[in-house]
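A.B. asks: For reference, the structure I am asking about is given below.
Readers should treat all values here as calculations from the given coordinates under stated rules, not as data from a laboratory. Keep in mind that this is a model prediction, so the values were computed, not measured. All Cβ positions, even for glycine, are placed from backbone atoms using ideal geometry, and neighbour counts span all protein chains on display.
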Amino acid sequence: MTHFGFVAPPFPSHMRALQAVARVLVERGHRVTFFHQADAASLLQDPRIAFRAVGRASHPRGALAGVLQRAARPGGPLGLRRVIADVAAATDMLCRALPDAFARAGIEAVVSDQMEAAGGLVAEALDLPWISVACALPVDREPGVPLPVMPWRFADSDQARHLYAASSRVYDYMMAPHARVIAHHAAVFGLRPRSALHECLSPYAQVSQTVAELEFPRRQLPPNFHHVGPLRDRAPDPALTLPLAPDRPVVFASLGTLQGQRLSIFRRIARACRQRDLQLVIAHCGGLTPAQVASLAVPGVVQVVESVPQRAMLARADAVVSHAGLNTVLDACVAGTPILALPIAFDQPGVAARVIHAGIGLGASARLATAGQLRARLTRLLDESAFALRARSLGGSVAAAGGAERAADIIESVAGTAQPVLASAA
């Protein structure tokens, strides 16, 4: 059996997805250890999965809270620079700490989130087989396809290609602090020169939570790229126990684990639903205070909860208003629930653009859309059956993609053979 080292950004959605894969590997008899700053241990729930804290000097206990707060509300250019500085500092810390930590733990293969360059850099430096996992939209670049963090819709035209290329240059300029860290450690490790996330991906296998039907047209994905769909635990969600009237449409609103404190957005969503006499369930993921919850709740109309079994809730809902987090979008597809996407940060603009491209929902500005505009879009999603039909069709592909079990198959193959696993042979 193999001892796998897992490396990921310390964000709840990324750790949750990789934990699902780790559980499958543990159930098959392997050992799994996650590596990151001490606070990240709280993001793991399975005691069978080990955790080793690294970087205590630069990333002491208590430091993660500030990182998550800055990521949740980056604000303007100065705030965004702080977020990028946090990302660069984490990669620098991991590149310094992981070689010794892997050696001490006896790590034999590495599973690394695409969004953390250190996993691939260190694995390559130590000559360990490794697998890259895209828990968010894949960072693999391709001419004619916009970067996942960009809001651009897909178009096959010279004008669009110029736009995509120009926005990529802006992104690379903004990410320069991170690029310098990657370039420095690649040189220290004696690796070929590189400076970007997409240059730190595995030559053995790449695993993505996406499915091809949700992506923009791709012509140059590497042959070792595998669409496996959502990385979820096999256990079904608990039953939904909320009191909901059977004769009125239900809208579910969630802005994910990092954005649930955005009261103004929830207020506009609630106003839009009240105007249409819709039942609304808001899940704020601990982001709202009791007073804020009370200000939103309306008996029989708006229910506000900290959390809810998401897949069960989506199966009951007639539409979902989401920050366009990839996990929520994939779950909505499986449930056949159309999506109103209000992207806020990270790859959410790119996911929202793909929701619109696939015809499974509509988009709006989280900052600027009025309650009336949200109501009009929800009316379309509820009245035009084509959105739900396309979501249900895409959901069939998501459900059949293989998920965490297929990801574990690919990871085991790489660890066992130290050879690439090609999509055509998987």
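A.B. asks: Is it possible to state the helix-based mean residue ellipticity at 222 nm for the chain, with each DSSP H run of 4+ residues giving -39500 (n - 2.57), the sum divided by total residues, to the nearest 500 deg cm²/dmol? What is it?
C.D. replies: Roughly -14000 deg cm²/dmol at 222 nm, from the helical runs in the chain.
A.B. asks: Ser424 label point, 7 Å along Cα→Cβ, cut-off 14 Å on backbone N: hits in the stretch 139-171?
C.D. replies: The answer is none.
A.B. asks: So, one more: Can you tell me the orientation of helix 263-275 relative to the chain, as the angle in degrees between its alpha-carbon axis and the longest Cα principal axis, to the nearest 10?
C.D. replies: 40 degrees
A.B. asks: Round to the nearest 0.05 the FRET efficiency obtained for Ala105 and Val301 when R0 = 60 Å and r is the Cβ-Cβ distance.
C.D. replies: 0.70
A.B. asks: Would you kindly give the portion of the calculated P(r) for the stretch 1-116 that falls above 22 Å, as a percent of all Cα pairs?
C.D. replies: Here the tail beyond 22 Å accounts for 32 percent of pairs.
A.B. asks: Shifting gears a bit: Could you give the length gained on full extension between Ser42 and Ala386, defined as 0.36 nm per residue of separation minus the Cα-Cα distance, in nm?
C.D. replies: 119.7 nm
A.B. asks: Let me ask something else. What is the Rg over Rh value, at two decimals, for the stretch 269-426, using alpha-carbon atoms and the Kirkwood definition of Rh?
C.D. replies: For the stretch 269-426, the value is 1.06.
A.B. asks: Can you tell which of Leu342, Leu68, Leu25 shows the greatest fluctuation in a Gaussian network model of the chain with Cα springs below 10 Å?
C.D. replies: Evaluated over the chain, the most mobile residue of the options is Leu68.
A.B. asks: Can you list the equivalent-ellipsoid semi-axes of the chain, largest first and in whole Å, using the square root of 5 times each Cα gyration tensor eigenvalue? Spell out each step's value before the answer.
C.D. replies: Values: eigenvalues 246, 105, 98 Å².
Whole-Å semi-axes of the equivalent ellipsoid: 35, 23, 22.
A.B. asks: Could you calculate the FRET efficiency of Tyr171 with Arg219 from 1/(1 + (r/R0)^6), where r is the beta carbon distance between them and R0 is 35 Å, rounded to 0.05?
C.D. replies: It comes to 0.95.
A.B. asks: Name the shape class, rounded, prolate or oblate, that the alpha-carbon gyration tensor gives for the stretch 113-236, where a ≥ b ≥ c are the square roots of its eigenvalues, rounded holds for a/c under 1.5, and otherwise prolate holds if a/b is larger than b/c and oblate otherwise.
C.D. replies: It comes out oblate by the Cα gyration axes.
A.B. asks: List the residues whose amide H sits under 5 Å from the amide H of His226, counting only those 5 or more places along or on another chain, with H placed 1.01 Å from N in the peptide plane.
C.D. replies: Gln206, Val207, Ser208
A.B. asks: Another question, if that's okay. By how many degrees, 0 to 90 and rounded to 10, does the Cα axis of helix 158-174 deviate from the longest principal axis of the chain?
C.D. replies: For helix 158-174, the angle is close to 60 degrees.
A.B. asks: What ranking do 83-95, 208-220 get when scored by the average of other Cβ atoms within 10 Å per residue, highest first?
C.D. replies: 83-95, 208-220
A.B. asks: Assuming 0.36 nm per residue, please report the length gained on full extension of the stretch Leu242 to Arg61 beyond their Cα-Cα distance.
C.D. replies: Values: separation 181, 0.36 × 181 = 65.16 nm, distance 3.72 nm.
Taking Leu242 through Arg61 to full extension adds about 61.4 nm, to one decimal.
A.B. asks: Helix 176-188 versus the longest principal axis of the chain: what is the Cα-based angle in degrees, 0 to 90, to the nearest 10?
C.D. replies: Between the helix axis and the principal axis of the chain, the angle is about 30 degrees.
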